[in-house]
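I have placed the structure first, in the form of structure tokens, so that the comments after it can refer back to it.
The values are calculated or read from the model by the stated rules, or taken from the named source; none is laboratory data. In this text, all values refer to a predicted model and were calculated from it rather than measured experimentally. Here the Cβ positions follow ideal geometry from the backbone for every residue, glycine too, while neighbour counts run over all protein chains shown. Accessible surface is based on the protein model in full, side chains and every heavy atom, while ligands, DNA and RNA are left aside. Shrake-Rupley method; radii C 1.70, N 1.55, O 1.52, S 1.80 Å.
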Amino acid sequence: MNIDKPLLEINDLHVGFRIKDDFYDAVDGVSLTLEKNEILAIVGESGCGKSTLATTIMGLHNKNNTKIEGEILYKDLNLINLNEALYNKIRGNDIGMIFQDPLASLNPLMTIGAQIDEALVYHTDYDDKQRTERVLELLAQVGIPSPERTFNQYPHELSGGMRQRVVIAIALSCKPPIIIADEPTTALDVTIQAQILDLLNQIQDETESGIIMITHDLGVVAETADRVAVMYAGQFVEIATVEELFTNPKHPYTRSLLQSIPQANQEDEDKELHVIQGTVPPLPKLPRKGCRFAPRIPWISAEEHEEDPTLHEVEEGHFVRCTCYKNFHFEEEEA
Ligand SMILES: Nc1ncnc2c1ncn2[C@@H]1O[C@H](COP(=O)(O)OP(=O)(O)OP(=O)(O)O)[C@@H](O)[C@H]1O
Ligand SMILES: [Mg+2]
């Protein structure tokens, strides 16, 4: 039983983007907690709001074009009310972020050493020698084979996997208690992906940080996470431990995602039938009331859909935003 306060607590967060004259919620009433020592995965298709949630936690939105409401509680602060000067202190120091594309998050004109050093200059009072030692230590910690050499190299001189290790080193540089990794392996090939996931697992073991791991890949979830929140169209539709979600999924969207994982020796030609077709609609096309997923389930009638389902606990620690999941029959399950 965890009696400590969560590291991060988000309550009823709404993030609306201005499109023409109106605001549309890309994050629509999201609540979550992140505990120390936990890897929480957020999974969902492209466009469901995962990155918007991450960049909101990091305070990266332009307040003129976004409407942010709710609570992002860290220590005793609600981050959504924080001014830019305070947020600059939190970013990097308290919350580190690893972005999808390592090349885009590194400065091509600065050496690797100088880029990691920048965060230390900003957030610590280490002298030059201490900072250099810390940079070399970080490069070794993320598995860079020759830290001294890499220290003086530029991003283009490294492979994609090594660049992502550098990005992780920057995120770790100030030992933040919270790390957000937004699709940290998507741009990498499969072998390197596995190495980076191992590295994140190892970091979590060593640092006891809480990690939010954003991915569209349930394979990544199975490899790394303790708990999963499944996101659809800006809302969490199911939250459970990894084991529970994989063995006892409830929401039709979760089940569809699970069934779309490619299986070894897959011989079932009807597999496509089990997977719900379509994509997440653009924000202005989302239903503003009622179940956002309903339009993608052609075989359940309107009467069977609850008007506006809320996330409710169906078993201890297992939350589902759907009341009609019991009426659901994937063909495979009937057989
Ligand atoms: N700055 C913006 N202005 C308007 N709409 C935006 C903006 N950023 C994102 N959106 C919209 O918000 C929704 C959520 O986008 P987001 O990038 O958070 O999704 P995602 O789950 O991270 O997708 P992906 O898996 O492709 O990275 C999408 O409909 C997207 O088009
Ligand atoms: Mg994204």
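Before moving on, here are some points about what is shown:
- Rounded to the nearest Hz, the phi-derived 3J(HN,Hα) couplings of the stretch 113-129 under the Karplus curve 6.51 cos²θ - 1.76 cosθ + 1.60 (θ = phi - 60°) are x, 5, 6, 6, 4, 3, 5, 5, 4, 5, 9, 10, 10, 4, 7, 3, 5, where x marks glycine and proline.
- Put simply, the amide H of PHE23, placed in the peptide plane, has no neighbours under 5 Å, leaving out anything fewer than 5 places away on its chain.
- Summarising the label geometry, the points placed 7 Å from Cα in the beta-carbon direction at TRP299 and ILE261 lie 2.2 nm from one another.
- Student exercise, the stretch 8-225 dipole from Lys, Arg, Asp, Glu Cβ charges, in Debye to nearest 20: 480 debye
- Phi to ³J(HN,Hα) by Karplus 6.51 cos²θ - 1.76 cosθ + 1.60 over the stretch 71-86, Hz, x for Gly, Pro: 10, 10, 8, 10, 6, 9, 10, 9, 4, 5, 9, 6, 7, 4, 5, 5
- Considering only Cα atoms, the convex hull volume of the stretch 47-140 works out to 147 Å³ per residue.
- Amide N of the stretch 77-107 lying under 17 Å from the label point, which is placed 7 angstrom from the Cα of ASN64 along Cα→Cβ: 84
- Relative contact order of the chain, defined on C-alpha pairs under 8 angstrom at six or more residues apart (%): 20 percent
- Taking 19 Å as the straight-line reach from the Cα of LYS326, the aspartates and glutamates in range (excluding those fewer than 8 positions away in the same chain) are GLU238, GLU244, GLU303, GLU304, GLU306, GLU307, ASP308, GLU313, GLU315, GLU316, GLU334.
- The ellipsoid that matches the Cα gyration tensor of the chain has semi-axes, each √(5λ) in whole angstrom, of 37, 23, 18, with the longest given first.
- Only protein atoms count toward the accessible area here, which uses a 1.4 Å probe; on the chain, the carbon and sulfur part of that area reaches 49 percent.
- Dipole check for the stretch 1-98: with +1 at the C-beta of Lys and Arg, -1 at the C-beta of Asp and Glu, and the Cα centre as origin, the magnitude is about 360 Debye.
- Label-point separation, LYS36 to ASP22 (7 Å along Cα→Cβ), nm: 4.6 nm
- Per-residue ³J(HN,Hα) for the stretch 40-56, Karplus 6.51 cos²θ - 1.76 cosθ + 1.60, θ = phi - 60°, Hz, x for Gly and Pro: 9, 8, 10, 10, x, 5, 4, x, 8, x, 5, 5, 4, 4, 5, 5, 6
- The figure for VAL190 is an accessible area of roughly 110 square angstrom, using a 1.4 Å probe on the protein chains alone.
- Gain in span if fully extended, ASN83 to ASP308, counting 0.36 nm per residue against the direct Cα distance: 77.5 nm
- Heavy-atom surface of the chain, accessible at 1.4 Å and reported per residue (Å²): 50 Å²
- Put the Cα centre of the stretch 150-218 next to the Cα centre of the stretch 73-124 and the gap is 15 Å.
- Here the extension length gained between THR111 and GLU208 equals 32.0 nm, from 0.36 nm per residue of separation less the Cα-Cα distance.
- Tally of Lys pairs whose C-alpha atoms are under 29 Å apart, taken over the stretch 8-225, 8 or more apart or cross-chain: 22
- Label-to-label distance, nm, for residues given as GLU148 and TYR126 (7 Å Cα→Cβ offset): 1.8 nm
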